[in-house]
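Scroll down for the structure; my scribbles are underneath it.
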Amino acid sequence: MSGQLRRVRWLIAALLICLLNSGCNPFVALYFLFLLPRPKVPAACKALEGQKVLLFTYASPTARFESPSVAQELTRRVVRHLKRNVDDIELVDLRLVEDYIDSHPDCEVTKVAEHFEATRALYIEINDFSLYERESTQLYRGRAQIHLKVYDIEKDGELVWEDCLDLVYPGVRPVPVSDVSYTAFRLKVYEYVARRIATRFFAYRPHEDFTIN
């Protein structure tokens, strides 16, 4: 009996055993046995698909204390992910948005969206952001508390979706400061947080979150 035939029979036998086990999902077995890609996690919010979107990010004083440019850094990365992965999305130029808000600091995000004739507004509020493990200056561990809101400008700025994220990177254990430079770790945290924000709006495979490790 050839090695290939033995492997096929082994796979079939293993699958049959799994099917007979009431606690086993046969679809999971298929993915495992035949090394198929894991199924995608569906988007939590599809309200941005096919829309002209204004994205605005606000960082609290607490978040800006350790990283003054955190709003700009996350915004650029979120925009990149949305452009690549959300179907038929059009994003208002960030520079135009920043210039307009600088000259209209008290303008609500929905009114800014109306000015640019956007159909949706994505508001990202960074309530907290840090790069060090709590009560330590020798260990890195990124943390971010994010509040997301999506407004439908075509419905008079109605809030149509919101979510809160409490993120930790890396999740398993902190990183000694001797293992990586401050700049390199900060960039990894920016990318991780931005991707976790962006994947709320498009389907993705779970293992893709760990590609930056």
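Coordinate-derived values only; no laboratory data. On a predicted model such as this, the values are computed, not experimentally measured, just so you know. Cβ atoms come from the backbone with ideal geometry, glycine included; neighbour counts cover every protein chain shown.
Which net charge results when you count Lys and Arg as +1 and Asp and Glu as -1 among the other residues whose beta-carbon is under 9 Å from that of Arg134?
With Lys, Arg at +1 and Asp, Glu at -1, the neighbours total 0.
All other residues with a Cβ under 15 Å from the Cβ of Pro105 taken together, and with Lys, Arg as +1 and Asp, Glu as -1, what is their net charge?
-4
Just to verify a number: FRET efficiency for Asp106 and Val168, C-beta to C-beta distance, R0 = 41 Å, to 0.05?
After rounding to 0.05, the efficiency reads 0.75.
For labels at Thr183 and Ser136 in the simple 7 Å Cα→Cβ model, what's the distance in nm?
2.5
Where does each of Val189, Val92 land when they are ranked from fewest to most other beta-carbon atoms within 10 angstrom?
Placing the least packed residue first, the sequence is Val92, Val189.
Considering amide H positions built from the backbone, and no H for Pro or chain starts, which residues 5 or more places from Thr199, or on another chain, come under 5 Å of its amide H?
none
If you add up the charges near Ala59, with Lys and Arg at +1 and Asp and Glu at -1, over every other residue whose beta carbon is less than 10 angstrom from its beta carbon, what do you get?
Net of charged neighbours comes to -2.
With unit charges on the beta carbon (Lys/Arg positive, Asp/Glu negative), name the residue among Ala118, Phe56, Leu82 whose Cα is farthest towards the positive pole of the charge dipole of segment 52-210.
Toward the positive end, the furthest listed residue is Leu82.
Run through segment 110-180 and list the GluC sites (Glu not before Pro) located in a DSSP loop whose Cβ has at most 15 other Cβ atoms within 10 Å.
Loop-located and lightly packed - Glu117, Glu135.
Taking Cα centroids, how far is segment 54-82 from segment 113-172 in Å?
If you average the Cα positions of each part, the centres end up 8 Å apart.
Suppose every K and R has +1 on its Cβ and every D and E has -1 on its Cβ; what is the size of the dipole of segment 52-210 about the Cα centre, in Debye to the nearest 20?
With only Lys, Arg, Asp and Glu charged at Cβ, the dipole is about 800 debye.
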